Structure formats: C-alpha cells, structure tokens
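The values are calculated or read from the model by the stated rules, or taken from the named source; none is laboratory data. Values in this document were obtained by computation on a predicted structure and should not be read as measured data. Glycine also receives a Cβ, built like all others from the backbone with ideal geometry; neighbour counts cover every protein chain displayed.
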Amino acid sequence: METKASTFFSPEEQSEILSAIRKAEKKTSGEIRVHIETSLEGEVLDRAAWVFRVIGMQRTELHNGVLFYLAVRDRKFAIIGDSGINAVVPDDFWDNIRDHLAERFSKEQFAEGLTEAIMLAGEQLGAHFPRAVGDINELPDDISFDDPFKFSEK
C-alpha cells in the first residue's frame, strides 16, 4: 500500500469513507471530518488538535465536531471531539471507537476500520446530539489531505 496521504485510500475506499460520514451524520447534528497526512511531526494528539482548529471544526453551533486524523507513514491516528461533546460524555466515550480502529488498523484493514469507526461515532453522537428537523450540514464532508490550510478555505 502506498504511503502518500492522497493515494493511501483508493477512489472506491474514499467514496466508502465519504458515504460513511454522510450516513453517520444522518443520525446526529454532530459533524464528522477526516484528515489524512502523509507523515507526522511531533505528537499525534497535538497535531490532530492543531488540524482540528485549522480546518474550522470548532465552528459548529453546538461544538460537536469530530475529527478522525491519520498519519499514514507513521501509522498513527487520533480522534478529536470538540468541547460540546466532551462536556456531556463520559471520559471513556471515545475508547471503544479508538480500540476498534486500532484493531482493524493492526490487521491492515484501514478503510474498513475507518468507515466502521465513523459509523460508531455517528451512533454515539446521536445519543447526545440527535439530528433535529431542519438540521443543516455545517461543515463539508470532504476528506482533507496533508496541507490543512487548503482545506480550511472550503
């Protein structure tokens, strides 16, 4: 498997990931995004939190955005939830999603693991942030790659 962010997932796999985001967001007012980088400098959680801010995840009305961050060459990932989520969920809220993702990634099942994790996040977010009538998609559902500043303009 190639280790460049933009080609790590095939076009078909990217389509499956985008479909999972759309399906998950039908259950919740939460916003889910995916950012993939070729390599990581520094700590994965620090980088993911920085990308979270740069791509505007904190701009949702209820502060209920979720970022799935992957650094493909380094085989590292993080799941970052905004302050609105963290204020109402238990401390172990993300643990089952993280563990599921880690298990699938350890088996080289990257696309499957990510799509399943996105769906799990949608289900869990739906319990705390159900989708309301008239809910609008506050953030694009695109996958962003490497330079988050390009993505932040969308």
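Does at least one position in region 64-81 carry a residue that is over 13 Å from the mean Cα position of the chain (by Cα), under 29 Å from I136 (Cβ atoms) and either among the charged types (D, E, K, R) or surrounded by 14 or more Cβ atoms within 10 Å (Cβ to Cβ) (or both)? Taking every residue of region 64-81 in turn, none turns out to be over 13 Å from the mean Cα position of the chain (by Cα), under 29 Å from I136 (Cβ atoms) and either among the charged types (D, E, K, R) or surrounded by 14 or more Cβ atoms within 10 Å (Cβ to Cβ) (or both).
Would you say F105 is surrounded by 13 or more Cβ atoms within 10 Å (Cβ to Cβ), assigned to a strand (DSSP E or B) and touching a residue at least 12 places away in the same chain (Cβ under 8 Å)? It is false that F105 is surrounded by 13 or more Cβ atoms within 10 Å (Cβ to Cβ), assigned to a strand (DSSP E or B) and touching a residue at least 12 places away in the same chain (Cβ under 8 Å).
Note on region 36-75: residues that are under 23 Å from G122 (Cβ atoms), in contact with an Asp or Glu (Cβ under 9 Å, 6 or more places away or on another chain) and not β-branched (V, I, T) total 12. Does any residue of region 88-96 turn out to be assigned to a helix (DSSP H, G or I) and at pLDDT below 95? The answer is yes; a qualifying residue exists. Only residues that are under 14 Å from F93 (Cα atoms), surrounded by fewer than 17 Cβ atoms within 10 Å (Cβ to Cβ) and of a type outside the set (A, V, I, L, M, F, W, C) were counted across region 116-139, and they come to 1.
The set of residues in region 19-32 that are under 14 Å from E116 (Cα atoms) and either crowded, with 22+ Cβ neighbours inside 10 Å or under 11 Å from the mean Cα position of the chain (by Cα) (or both) comprises A20, I21, A24, E25, I32.
Contact map, region 127-154: residues that are among the acidic types (D, E) paired with residues that are surrounded by fewer than 11 Cβ atoms within 10 Å (Cβ to Cβ) and at pLDDT below 75, Cβ distance under 7 Å, separation 6+ or inter-chain. Pairs shown: D142/K154.
Looking only at region 56-78, which residues are touching a strand residue (DSSP E or B) at 6+ places or on another chain (Cβ under 6 Å) and either outside any loop (DSSP other than H, G, I, E, B) or among the aliphatic types (A, V, I, L, M) (or both)?
Of everything in region 56-78, those that are touching a strand residue (DSSP E or B) at 6+ places or on another chain (Cβ under 6 Å) and either outside any loop (DSSP other than H, G, I, E, B) or among the aliphatic types (A, V, I, L, M) (or both) turn out to be M57, G65, V66, L67, F68, Y69, L70, A71, F77, A78.
Picking from residues in region 37-57 that are over 11 Å from K76 (Cβ atoms) and in contact with a Phe, Trp or Tyr (Cβ under 7 Å, 6 or more places away or on another chain), the one that is surrounded by the most Cβ atoms within 10 Å (Cβ to Cβ) is I55.
Please go through region 140-154 and give me each residue that is at pLDDT 75 or above, part of a loop (DSSP other than H, G, I, E, B) and under 28 Å from V88 (Cα atoms), ordered by number. Passing the criteria: D141, D142.
Being over 18 Å from E123 (Cβ atoms) and either in contact with a helix residue (DSSP H, G or I) (Cβ under 8 Å, 6 or more places away or on another chain) or of a type outside the set (S, T, N, Q) (or both) holds for only one residue in F8, F93, and it is F8.
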